[in-house]
Amino acid sequence: MFEIRFFGWIRNEIGIPKLLMSERTVIEALEEIIKSYPQIDKSHLMQSVLFINKKPVVGKQILTITLKAGDELAILSPVSGG
Amino acid sequence: MFGFNGKIAKINLTDGTVQNYPMTEESYELYLGGKTLAAKIIYDAFKDKVEALSDENILVITTSPLTGSTSPCSSRFNISTISPLTGLLISSNCGGSFGLHLKKAGYDAIIISGKSPEAVIIDIENQEISVKCAKHLWGKNTSETQELLGAKNRGKLVIGIAGEHLVRYAAVISEERAAGRGGVGAVFGYKNLKGIIASGKATTEMFDKETFKKHNVKWIKQLKAHPLTGRQLPMYGTAGLVSMMNYRNLLATKNYSSGQFEDFEKISGETLAEDHLIKNKGCVTCPIQCGRQVEAFGKVVKGPELETLGLLGSNLLNNDMESIIRLNHLCDEYGIDTITFGSTIGFAMELSEKGMWDNGLKFGDSTLLEILVEKTSKREGIGNELAEGTKRLSEKFGGKDFAIHVKGLETAAYEPRAAQGMGLGYATSNRGGCHLNGGYLVVLEGLGLNVSGKTTRGKAAYTIMFQDMMEAVSSAGSCLFTTYAMLPSFLVEKPNNNMVRFINGAIPLFGGLVGFIKNKPWLMHFNLASVLPHPYSVRLVTGYKMTIGSFLETGERGYNLERIVNIRQGLKGADDTLPKRLLKELQRSDDPNSIVKLDEMLGTYYKIRGWDKDGVPTQKTLRRLKLMKDR
Ligand code: SF4
């Protein structure tokens, strides 16, 4: 199992801070979230800022990277202003 | 005269006299208000260097043309003086309602000179100014002082015990808001000035009231619709940045030895909202309401801002949210700046860890911190050393390489080794290590947009543009957070979109063009209120022919004037630097680029600014900015 952590308004929408999933690609994980949590705004989720094991994930990597046991996928909504 | 009272008072605390300070309409138009107008007054006040804690130094409290105008986020005011922490010009901006009340009292600004022989407060009501005995308030904390002042429905501004003891980073508190940075509270304390109250019924004329009203409706709508000012800031406040900063390696951790904190979630905006939030609480006239009211340790108190969470949290390896909330509350009560206090403690912890100062402090151990707020405020025991700030501690105990300050002012919670533009901003900021006065380029570098923080390309030009814009916005009287709504929503909301990724990649390439346009404000001789609403607001309030170009030029004028005051105070180009830790120590051992490459940016920065190789504005620059005849 790998862990998915939510931050920002996406966490507010989904209503939980984290969840566990079995091995799959990033895009499959996002699709699973949309299926299991219909309250979430699909475009918000697909346009979140993503990090795997604290490294940013961009572009085609979303389709290709497979998340394995022990990995962490962080899903953050954009922020600014301090 | 539109938008102003046209009246500035000079109050001499030595003899209690009050005079009108002459200010021409031309100067109002050139400097607007806030920190820029204050810089003009401080520039004119002295011929040579002035000591911060001396009878000579003055305090200048300014409002702005938008203050009291019902423009969104316009209740802020400014306090400027020579800083006891840096020896340079400091401008400290504060929310709350004091600015509104000062302007209604009939003054655009007040200048406080001299030193009172005993503790006093200044009472301003409908242009009547009196200096009153405040012996009964001396020794009281800030909430008790405000309570004892009574003065319901009046603007209040007070210092706490730290200001009385001349702690070099003592703050001035107004309601629950702080003018925190640079020790303005110590200058109040030196002058035996415990506080100021103000109120009145004055109204200022407006150039085009009807259009202004319509413009405000549109602007408020824009702020509410924007993902940052309409969703993120109201939902999580500035604390909402902690998580993203951690993932982006931007969160100051363990005295800036890292940009990531293992326990970041425990001190995040999400945790604050889920476990402590009672309601949002912000400044008057603000549709964003970024402030928090929280419940902790059995009390309802002000919630900590991002800077406090960083400096009193991750920077000390303190993962206890309750402890941070309490420390934040205590710092406000005693009246000290949480940023400098946290940063100084972090430095003291590292000195202790390295065996350079046996002070009993340890990273990750927050047990002593609460008592240290009191000891520092009263200058008792090691508190007397801590009250001096990081720079002076490093001069006494060593450790200059990891003493994290710029020009004597401790940097904010943004670790710049993952954001080159932020690094340049810190190094060149007139205030010292200030993220906002530094231009806050991190708004492009991962907090807002997703321009690479690793590249130095184009960063000098953008830093200058943002520094000047922030300066102008502040002078106009708006909260700087209104500028985030300038970022096109789709660029913020769709970071994975191919077009947006392309634009983020291309932004640094346009640095040259931005630098070129900067010196030709006539190219921006128009208003585009949907992008930058502030110049148009100023125009509608004052009647000045303000365009985007002239607005940015006002900011540039202010920035250069502050620089000249600082040069008079002894600033050298060599001071535009960062601590060795940030320039030479890799933030991440697997990334050889995780240092601030200041030398790749600073020369270009000077060139675009129109400064010589020593960082002094050239005669040509001063003439262009209409500062020459003032020299
Ligand atoms: S955004 Fe925050 S700091 Fe700015 S005016 Fe509003 S409440 Fe005050």
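Counting alpha carbon pairs within less than 8 Å and at least 6 residues apart, what relative contact order, in whole percent, applies to chain B?
On the way: 1503 pairs, mean separation 93.6, N = 631.
Contact order relative to length: 15 percent.
Return a whole-number percent for the relative contact order of the range B:1-68, with Cα pairs under 8 Å and 6 or more residues apart as the contact set.
Working: 51 pairs, mean separation 20.5, N = 68.
Reported relative contact order: 30 percent.
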A correct Stokes-Einstein calculation for the range B:8-199, using the alpha-carbon Kirkwood radius, 20 °C and 1.002 mPa s, returns a whole-number D in µm² s⁻¹ of 133 µm²/s
Using a 1.4 Å probe and counting only protein heavy atoms, arrange B:THR547, B:THR367, B:THR211 so the residue with the most accessible area comes first. B:THR367, B:THR211, B:THR547
Name the residues of the range A:42-65, by number, that are at least 40 Å² less accessible with every protein chain in place than in the isolated chain; the surface is that of heavy atoms, probe 1.4 Å, without ligands or nucleic acids. A:GLN47, A:VAL49, A:PHE51, A:LYS54
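Nearest 0.05, what FRET efficiency do A:GLN61 and B:LYS494 give at R0 = 25 Å with Cβ-Cβ as r? Spell out each step's value before the answer.
Details: r = 17 Å, r/R0 = 0.67.
Result of the calculation: an efficiency of 0.90.
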Sorting B:LYS218, B:LYS7 by accessible area (1.4 Å probe), largest first, what list results? B:LYS218, B:LYS7
Could you sort the residues of the range A:7-25 by number and keep only those whose accessible area is reduced by 50 Å² or more in the all-protein-chain setting relative to the chain alone, 1.4 Å probe? A:PHE7, A:TRP9, A:ARG11
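Measure off, as a whole percent, the carbon and sulfur share of the 1.4 Å-probe accessible area of the protein assembly as shown, all protein chains present.
Details: 13060 of 24950 Å².
The nonpolar share, carbon plus sulfur, comes to 52 percent.
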Taking a ≥ b ≥ c as the square roots of the eigenvalues of the Cα gyration tensor of the range B:416-630, is the shape rounded (a/c under 1.5), prolate (a/b larger than b/c) or oblate? oblate
Treat each spin label as a single point 7 Å out from the Cα along the C-beta direction, and report the A:LYS68 to B:GLU56 distance in nm. 6.9 nm
May I ask for the accessible area buried between chains B and A, both sides summed, probe 1.4 Å, to the nearest 100 Å²? 2800 Å²
So how long is each side of the range B:239-302 along the principal axes, counting just the alpha-carbon atoms, biggest first, in Å? 37, 29, 19
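Quick one: compute the contact order of the range A:2-76, relative version, from alpha carbon pairs under 8 angstrom and 6+ residues apart, as a percent. Please report the intermediate quantities before stating the final value.
Details: 116 pairs, mean separation 35.0, N = 75.
Dividing the mean separation by the residue count of the range A:2-76 yields 47 percent.
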Nearest-0.05 FRET efficiency for B:ASP614 and B:LYS362 at R0 = 30 Å, using Cβ-Cβ distance, is 0.10
Quick one: what does P(r) look like for chain B with 10 Å bins over all Cα pairs, in whole %? 3, 18, 30, 30, 16, 3, 0
At R0 = 22 Å, how high is the FRET efficiency between A:LEU20 and B:ARG588 if r is their beta carbon distance? Nearest 0.05 is fine. 0.20
Distance from the range B:199-235 to the range B:93-134 (C-alpha centre basis), Å: 27 Å
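Need one number: % antiparallel among DSSP beta bridges in the protein assembly as shown, to the nearest 5.
Numbers: 58 of 74 bridges.
Counting DSSP beta bridges with both partners in the protein assembly as shown, the antiparallel share is about 80 percent.
May I ask you to rank B:ASP44, B:ASP15, B:ASP332, B:ASP576 by accessible area, largest first, using a 1.4 Å probe over the protein chains only? Mind showing how you got there, number by number?
Values: B:ASP44 75, B:ASP15 95, B:ASP332 25, B:ASP576 5 Å².
Largest accessible area first, the residues go B:ASP15, B:ASP44, B:ASP332, B:ASP576.
If each residue of separation counts as 0.36 nm, what is the full-extension length gain between B:TRP522 and B:LYS47 once their alpha-carbon separation is subtracted? Write down the numbers at each step before the final one.
Numbers: separation 475, 0.36 × 475 = 171.00 nm, distance 3.36 nm.
Gain on extension, B:TRP522 to B:LYS47, equals 167.6 nm.
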Which value in nm describes the separation of the simple spin-label points at B:LYS152 and B:LYS224, placed 7 Å from the Cα toward the beta carbon? 3.1 nm
How big is the equivalent ellipsoid of the protein assembly as shown along its three axes, where each semi-axis is √(5λ) from the Cα gyration tensor, reported in whole Å from largest to smallest? 38, 29, 25
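Restricting to bridges with both residues inside chain A, how much of the DSSP beta-bridge set is antiparallel, in percent to the nearest 5? Mind dumping the intermediate values first?
On the way: 13 of 18 bridges.
In chain A, DSSP labels about 70 percent of beta bridges as antiparallel.
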In Å², and per residue, what accessible area does the protein assembly as shown have when probed at 1.4 Å with the other protein chains present? 35 Å²
Calculate I(q)/I(0) for the range B:237-398 by the Debye formula, one identical point scatterer on each C-alpha and no solvent, and give its log10 at q = 0.11, 0.15, 0.20 Å⁻¹ to two decimals. -0.42, -0.77, -1.26
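The values are calculated or read from the model by the stated rules, or taken from the named source; none is laboratory data. These figures come from a predicted structure and were not determined experimentally. For neighbour counting, all protein chains shown are included, and Cβ atoms are generated from backbone atoms with ideal geometry for every residue, glycine included. These area figures cover heavy atoms from the full protein model, side chains too; ligands, DNA and RNA do not enter into them. Shrake-Rupley method; radii C 1.70, N 1.55, O 1.52, S 1.80 Å.
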